[in-house]
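Novice: Submitted below is the structure of interest, expressed as structure tokens.
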Amino acid sequence: MKTEQFKKKLEAEKAKLESEMGTVGRKNLAVPGDWEAVPSEIGTESDLADQADVVMSRESNSAILADLEARYDTVMEALSRIEKKTYGKCEVCGEKIEEARLEADPTATTCVEHL
Ligand SMILES: [Zn+2]
């Protein structure tokens with residue numbers, strides 16, 4: 001199977017997710033590969049009302065970040081399957097995943113039959 005086109009798509013998705021993650025979080029330097037949420041507005045800690053906003057935005061950023069991280073992991077797994085040449089195989093039956101399906105979702109791990 002030609003994986004080049006899917007690899008390109010996955011890498012574009014990875015770059016997009018990384019930049020989105022950069023808007024709601026920062027890399028956790030203590031844990032490589034992990035991200036932590038940052039408040040969306042920084043510098044408003046002096047005001048009590050704003051402090052509540054900061055807490056809320058941190059919470060919603062965590063939720064957004066968790067979602068982005070989950071997608072990011074899925075993309076990274078798909079890229080590693082390309083490296084290991086197992087990309088495009090259904091993990092249930094081992095048959096080829098339809099290219100149209102991979103076209104629609106390059107991170108798919110199962111064929112149409114085993115959705
Ligand atoms: Zn299958």
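All of the numbers you see were taken from the coordinates with simple rules; none came from a lab. In this text the structure is predicted, and so the values were computed from the model without any measurement. Reconstructed Cβ throughout: ideal geometry from the backbone, glycine too, with neighbour counts over all protein chains shown.
Novice: Out of residues 5 or more away from GLY25 or on other chains, whose amide H comes under 5 Å of its own, with H placed 1.01 Å from N in the peptide plane?
Specialist: Under 5 Å from the amide H of GLY25: VAL38.
Novice: Which log10 I(q)/I(0) values does segment 4-87 give at q = 0.20 Å⁻¹ under the Debye formula, counting every alpha carbon as one identical point scatterer?
Specialist: Values returned for q = 0.20 Å⁻¹ are -0.89.
Novice: Further question: Put +1 on the Cβ of each Lys and Arg and -1 on the Cβ of each Asp and Glu in segment 59-115; which of ILE64, GLY88, THR107 then has its Cα farthest toward the positive end of the dipole?
Specialist: Going by the Cα projections, it comes out as GLY88.
Novice: Additional query: Using amide H atoms built in the peptide plane, which far-off residues or other-chain residues are under 5 Å from GLU91 H to H?
Specialist: So GLU91 has HN proximity to THR110, CYS111.
Novice: Measure nothing but the geometry: give the 0 to 90° angle between the long axis through the Cα atoms of 48-83 and the longest principal axis through the Cα atoms of the chain, rounded to 10°.
Specialist: 20
Novice: Dipole magnitude of segment 4-87 about its Cα centre, charges +1 at Lys/Arg Cβ and -1 at Asp/Glu Cβ only, in debye to the nearest 20?
Specialist: Numbers: 12 positive and 18 negative charges, 160 e Å.
Charge dipole, segment 4-87, about its Cα centre: 780 debye, nearest 20.
Novice: Here is a follow-up. Would you mind checking the tilt of helix 4-24 against the longest principal axis of the Cα atoms of the chain, expressed as 0 to 90 degrees and rounded to 10?
Specialist: 10
Novice: So, one more: On full extension of the chain, what length is gained from LYS14 through ALA63, given 0.36 nm per residue of separation minus the C-alpha to C-alpha distance? Could you put the intermediate results ahead of the total?
Specialist: On the way: separation 49, 0.36 × 49 = 17.64 nm, distance 1.86 nm.
Gain on stretching LYS14 to ALA63: 15.8 nm.
Novice: Taking segment 79-115, which GluC sites (Glu not before Pro) meet the DSSP loop condition and have no more than 16 other C-beta atoms within 10 Å? Please list the in-between numbers first.
Specialist: Numbers: sites: GLU83, GLU91, GLU95, GLU98, GLU99, GLU103, GLU113; in loops: GLU91, GLU95, GLU98.
Of the GluC sites (Glu not before Pro), the ones in loops of segment 79-115 whose Cβ has at most 16 other Cβ atoms within 10 Å are GLU91, GLU95, GLU98.
Novice: Return the calculated 222 nm mean residue ellipticity for the chain, to the nearest 500 deg cm²/dmol, obtained by summing -39500 (n - 2.57) across DSSP H runs with n ≥ 4 and dividing by the residue count. Write out the running numbers ahead of the final one.
Specialist: On the way: 3 runs with 63 residues, N = 115.
Roughly -19000 deg cm²/dmol at 222 nm, from the helical runs in the chain.
Novice: Pairs of Cα atoms under 8 Å, at least six residues apart: use those to get the relative contact order of the chain, whole percent. Before the final figure, lay out each step's value.
Specialist: Details: 125 pairs, mean separation 28.6, N = 115.
Value for the chain: 25 percent.
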